[in-house]
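Engineer: Below you'll find the structure I mean.
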Amino acid sequence: MKTYVPAFLQPLLHLLYPHYCEGCHTDLLIRESLLCSRCEFSLPATGYWDISGNPVEKIFRARLLVQAAAADYFFTQDSLLQHLMQSLKYKNLPEAGRWLGKKMGYALQKTDRFTSIDCIIPLPLHPKKEFIRGYNQAQLIAEGISEVWQKPIIQNAVIRNQFTRTQTHENRNSRWNNMQGVFSVVQPVKLEHKHCLLVDDVITTGATLEACGNEILMVKGCSLSLAAAAYTAIQP
Ligand SMILES: [Zn+2]
């Protein structure tokens, strides 16, 4: 929810409630949020939105029928982006999700590769995990996208069935086996004949998106595209 503050009161509000850049901790300007312009421009953009056959699409080749796929930034260890992602997932910084989503929304608006999308689906998180975290980070990213790009978010059509273990140290095959039956489409009528954009925070092996995407593609007349805030270029 946004609180409306008249423009003439904003300098006063800024003085009373100063906010700082998540990257360099300098005081943010009124028009800035989360990151200062310098830190924002330092984030490694992939430029994949306009590129057909980009490395994100290659991950899913022969595994999942996607119309288009892209991620906004490269994910690297010990980077500002990693800090944002970890803050989003583990340090209760939900605004990082909306901020990343809005950046994606602007990118999606500019390219013509995603124009036929009808709706946005955040990758579901297991309810227990969502309860512990307080939110689903993919949902926040989807909200940021929708705020800029004006495409509707479809909720609760797809659910996550199991509480999967943390998969960080598992290889691609065991991750894939773990993902079997994890997602179910429970309200297919909401998705019928729609081109769905499935959204997640980070793409690594793609196993989770693949499992969820395959369920979505079983709905009558459905087509699928993928978008993530970040992409881990080195495959484990
Ligand atoms: Zn900064």
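The values are calculated or read from the model by the stated rules, or taken from the named source; none is laboratory data. Since this is a predicted model, take the numbers as computed values, not measurements. Positions of Cβ are generated from backbone atoms using ideal geometry, with glycine treated the same way; all protein chains shown enter the neighbour counts.
Engineer: Those residues that are crowded, with 24+ Cβ neighbours inside 10 Å and more than 13 Å from ALA138 (Cβ to Cβ), I need them from the range 178-205; list them, please.
Structural biologist: LEU191, CYS196
Engineer: Does TYR73 count as crowded, with 16+ Cβ neighbours inside 10 Å, among the hydroxyl-bearing types (Ser, Thr, Tyr), modelled with pLDDT of 95 or more and outside any loop (DSSP other than H, G, I, E, B)?
Structural biologist: On the way: crowded, with 16+ Cβ neighbours inside 10 Å: yes; among the hydroxyl-bearing types (Ser, Thr, Tyr): yes; modelled with pLDDT of 95 or more: yes; outside any loop (DSSP other than H, G, I, E, B): yes.
Against the criterion (crowded, with 16+ Cβ neighbours inside 10 Å, among the hydroxyl-bearing types (Ser, Thr, Tyr), modelled with pLDDT of 95 or more and outside any loop (DSSP other than H, G, I, E, B)), TYR73 qualifies.
Engineer: Specify the residue that is farthest from ASP78 (Cα to Cα); the eligible residues are those in the range 21-40 that are more than 10 Å from the ligand (Cβ to nearest atom) and hydrophobic (A, V, I, L, M, F, W, C).
Structural biologist: ILE30
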